[in-house]
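Colleague: Quick one: the structure is below, questions incoming.
The values are calculated or read from the model by the stated rules, or taken from the named source; none is laboratory data. Remember, predicted model here, so these are calculated numbers, not experimental data. All Cβ positions, glycine included, derive from the backbone under ideal geometry; neighbour counts span all protein chains shown. Note: accessible area is taken over every heavy atom of the protein model, side chains too, but ligands, DNA and RNA are not part of it. Shrake-Rupley method; radii C 1.70, N 1.55, O 1.52, S 1.80 Å.
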Amino acid sequence: MGRAFVYVILGGGVAAGYAALEFTKKGVANGELCIISEEPVAPYERPALSKGFLLPEAPARLPAFHTCVGANEERLTPKWYKEHGIELILGTRVKSADVRRKTLLTAAGETISYKFLIIATGARALKLEEFGVSGSDAENVCYLRDLADATRLVDVMQNSTGDNAVVIGGGYIGMEVAASLVINKINVSMVFPEPHCMGRLFTPKIASYYEDFYKSKGVNFVKGTVLSSFVFNPDGKVTGVNLKDGSNLPADLVVVGIGIRPNTSLFEGQLTLEKGGIKVNSRLQTSNTSVYAVGDVASFPVKIFGESRRLEHVDAARKSARHAVAAIMEPDTTPDFDYLPFFYSRVFSFSWQFYGDNVGETVYFGDFSGPSFGAYWVHKGHLIGSFLEGGSKEEYEAIAKVTRLKPAVDDLSELERQGLGFVVAL
Ligand code: FAD
Ligand code: NDP
């Protein structure tokens, strides 16, 4: 049993949706393109799962957040794929790939062949078991990667017999889910190993702004330690957590957000890997010329930093996907991918954006007791990173534009004095 397509997108997440839209813009013909996804639904905007999806009032539900609404583009419902002659093979896991033969084998036993393959398999949530803690398959322990996880989390939240949640991890999932739990009137303790939240991006000063607000909402921060074991009741439900520092916390619900691993396993030994992902060039092309990789799974050259990075954020997924399609369909006119890293988050009524890189000296600006403040990172005499909380659309555009230019900065105190005025003036 088998089918053949010109273009196959493996994975049906954010990158797949944006790639599909780009294929139609570039004029793909009926029946030439298929998307194979383990998930049972058409591509959607994954960021909604830790935000609107978890709201107690008027929560976001599909079909409202199918791609590509996150970039203010068309909403691609299953009907849209049908109308555009794109085959959606959903609820189907690909269990092996042969890049030499240009074939994929599904768990249902079907062989799908391609002329061009785009790998968009994203990543999976790391499990506590990988850190030596067992029991995270208990019914009230939740991870958050896909729609099924989010649906389960809502279910556990709604059926919880008590109102104490423990959030493990102080990164993106930890911070966004903790805020959502508070909005659902659940008491939250956050446990993570670093001295402050968002350890890889925030400085202590930025982190303490958000932590202070979370504390004012009743969130209990337990830092510098990790989970050592769960406490179970006779029914196998978790009732508490024991921590490595010897303390323990009651728990009616546990949410774990301790990072991800890119889904590369189908291609290990067949394609070159780098930084935990699949290595691609500035055309998003892997070590096999018929195979491209985009989104969380790809390690691509970030031109402005002169090195390859693997970025786990939605903007990179959207833009790398579009670029790969352009490189496949219009190889002679598509320039190198030249991407400025962009991360953002929204929690409570906060909203921040970050562009560039966070190395070097930090220069703060704005009012850290008010609604808008920010920071620049200056490395080797150039501004290379910008963070802004509570900015306007124009201000965010300005920090993005100026960060890309990497302007020279001779005087840090002058930059501090000018603050946001520095980017607005340029
Ligand atoms: P994914 O969207 O993860 O899609 C991968 C797809 O591949 C999945 O559908 C998966 O089932 C499928 N797949 C994998 N292996 C196989 C296989 N063998 N066979 C078939 N199908 C397979 N980023 C931001 O910048 N801002 C945010 O606010 C933000 N919020 C987030 C909230 C949550 C809850 C999560 C989990 C992530 C968030 N991110 C955010 C990160 C962002 O969603 C990811 O960077 C983005 O989804 C990556 O897109 P992708 O297409 O590479 O992978
Ligand atoms: P992150 O990498 O953001 O954070 C993981 C956190 O867990 C880190 O603070 C990490 O500490 C900590 N940690 C690691 N191991 C343990 C452990 N054993 N016990 C307790 N804490 C631990 O990953 P998330 O899980 O938060 O997010 C998953 C993915 O989803 C990421 O790709 C993220 O980019 C994406 N996402 C993005 C969002 C956004 O951009 N707004 C929103 C939600 C998700 P350490 O740093 O020391 O390893």
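Colleague: In the range 309-318, how many residues are without any contact (Cβ under 8 Å) to a residue 40 or more places away in the chain and open to solvent by 20 Å² or more (accessible area, probe 1.4 Å)? Quick ask: steps written out before the conclusion?
Modeller: Within the range 309-318, the subset without any contact (Cβ under 8 Å) to a residue 40 or more places away in the chain is 309, 311, 313, 315-316.
Applying the additional criterion that residues be open to solvent by 20 Å² or more (accessible area, probe 1.4 Å) yields 309, 313.
Adding up the residues that qualify gives 2.
Colleague: Scan the range 222-245 for residues that are open to solvent by 30 Å² or more (accessible area, probe 1.4 Å) and assigned to a strand (DSSP E or B) and report the count.
Modeller: Qualifying residue count, the range 222-245: 7.
Colleague: Kindly check whether there is at least one residue in the range 266-281 that is assigned to a helix (DSSP H, G or I), within 16 Å of ligand 1 (Cβ to nearest atom) and open to solvent by less than 20 Å² (accessible area, probe 1.4 Å). Walk me through how you get there before you give the answer.
Modeller: Here is the first cut: in the range 266-281, the ones assigned to a helix (DSSP H, G or I) are 266-267.
Those still in the list that are within 16 Å of ligand 1 (Cβ to nearest atom) too: 266-267.
Add one more test, that the residue is open to solvent by less than 20 Å² (accessible area, probe 1.4 Å), and what stays is 267.
The answer is yes, given that some residue of the range 266-281 is assigned to a helix (DSSP H, G or I), within 16 Å of ligand 1 (Cβ to nearest atom) and open to solvent by less than 20 Å² (accessible area, probe 1.4 Å).
Colleague: Sticking with this structure for a sec: Got a number for residues in the range 283-319 being under 19 Å from the mean Cα position of the chain (by Cα) and either assigned to a strand (DSSP E or B) or of a type in the set (A, V, I, L, M) (or both)? Explain how you work it out, then say what you get.
Modeller: Narrowing the range 283-319 to residues under 19 Å from the mean Cα position of the chain (by Cα): 284, 293-302, 308-319.
Restricting the remaining residues to those that are either assigned to a strand (DSSP E or B) or of a type in the set (A, V, I, L, M) (or both) gives 284, 293-294, 297-302, 308-309, 311, 314, 316-317.
Total meeting the criteria: 15.
Colleague: While we're here: Go through the range 100-119 and give me each residue that's under 21 Å from His323 (Cα atoms) and open to solvent by less than 10 Å² (accessible area, probe 1.4 Å).
Modeller: First, pick out the residues of the range 100-119 that are under 21 Å from His323 (Cα atoms): 114-119.
Answer for the range 100-119, where residues must be under 21 Å from His323 (Cα atoms) and open to solvent by less than 10 Å² (accessible area, probe 1.4 Å): Leu117, Ile118, Ile119.
Colleague: Ser189: farther than 19 Å from Glu130 by Cβ, in contact with a helix residue (DSSP H, G or I) (Cβ under 8 Å, 6 or more places away or on another chain) and touching a residue at least 60 places away in the same chain (Cβ under 8 Å), yes or no? If you could, list the steps in order and put the result at the bottom.
Modeller: Values: farther than 19 Å from Glu130 by Cβ: yes; in contact with a helix residue (DSSP H, G or I) (Cβ under 8 Å, 6 or more places away or on another chain): no; touching a residue at least 60 places away in the same chain (Cβ under 8 Å): yes.
Criteria not met by Ser189.
Colleague: Further, regarding this structure: Quick check on this structure: which one of Val297, Val291 is out of contact with any Gly (no Cβ under 9 Å at 6 or more places or on another chain), within 16 Å of ligand 1 (Cβ to nearest atom) and open to solvent by less than 10 Å² (accessible area, probe 1.4 Å)?
Modeller: On the way: Val297 fails: out of contact with any Gly (no Cβ under 9 Å at 6 or more places or on another chain).
After ruling out the rest, the residue left standing is Val291.
Colleague: While we're here: Find all pairs meeting these conditions: Cβ atoms under 9 angstrom apart; at least six residues apart or on different chains; first residue within the range 151-177 and in contact (Cβ under 8 Å) with a residue 60 or more places away in the chain and closer than 19 Å to Leu62 by Cα; second residue open to solvent by 30 Å² or more (accessible area, probe 1.4 Å) and more than 11 Å from ligand 2 (Cβ to nearest atom).
Modeller: That search, which allows pairs on different chains as well, returns Val154/Pro59.
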